[in-house]
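Please read the structure below before turning to the comments.
FYI, it's all coordinate maths here, none of it is from the lab. Here the structure is a predicted model, which is why all the values come from computation and not from measurement. As a convention, Cβ positions derive from the backbone with ideal geometry for all residues, glycine included, and neighbour counts pool all protein chains shown.
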């Protein structure tokens with residue numbers, strides 16, 4: 001599974017996000033991800049993909065595409 005697919009699967013299964021809403025240009029706040037949900041998502045991604053995202057700074061104003069890109073960079077480093 002790709003980084004994007006892993007993140008999308010987490011958003012659907014753990015946060016109940018509508019799969020049709022998962023577009024790269026959608027801001028994370030439109031997916032109902034506030035700062036607490038983003039922290040929970042970060043921990044889930046770290047666990048599932050075995051990456052350290054501690055130094056990745058994202059807010060709910062960032063897009064899903066930016067999140068996927070940031071995780072992909074860390075996962076391939």
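Here is how the numbers come out for the structure above:
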read-out	value
Criterion (surrounded by fewer than 17 Cβ atoms within 10 Å (Cβ to Cβ) and within 22 Å of residue 1 (Cα to Cα)) met by exactly one of 50, 55	50
Sole residue being in a helix (DSSP H, G or I), touching a helix residue (DSSP H, G or I) at 6+ places or on another chain (Cβ under 9 Å), touching a residue at least 12 places away in the same chain (Cβ under 8 Å) and surrounded by fewer than 17 Cβ atoms within 10 Å (Cβ to Cβ), chosen from 9, 75, 37	75
Extreme residue, nearest to residue 61 (Cα to Cα), among residues of segment 15-30 that are touching a helix residue (DSSP H, G or I) at 6+ places or on another chain (Cβ under 6 Å) and in contact (Cβ under 8 Å) with a residue 24 or more places away in the chain	26
Selection count, segment 12-33, where residues are in a loop (DSSP other than H, G, I, E, B) and surrounded by 12 or more Cβ atoms within 10 Å (Cβ to Cβ)	6
Residue match in segment 49-62 (condition: assigned to a helix (DSSP H, G or I) and out of contact with any strand residue (DSSP E or B) (no Cβ under 6 Å at 6 or more places or on another chain))	yes
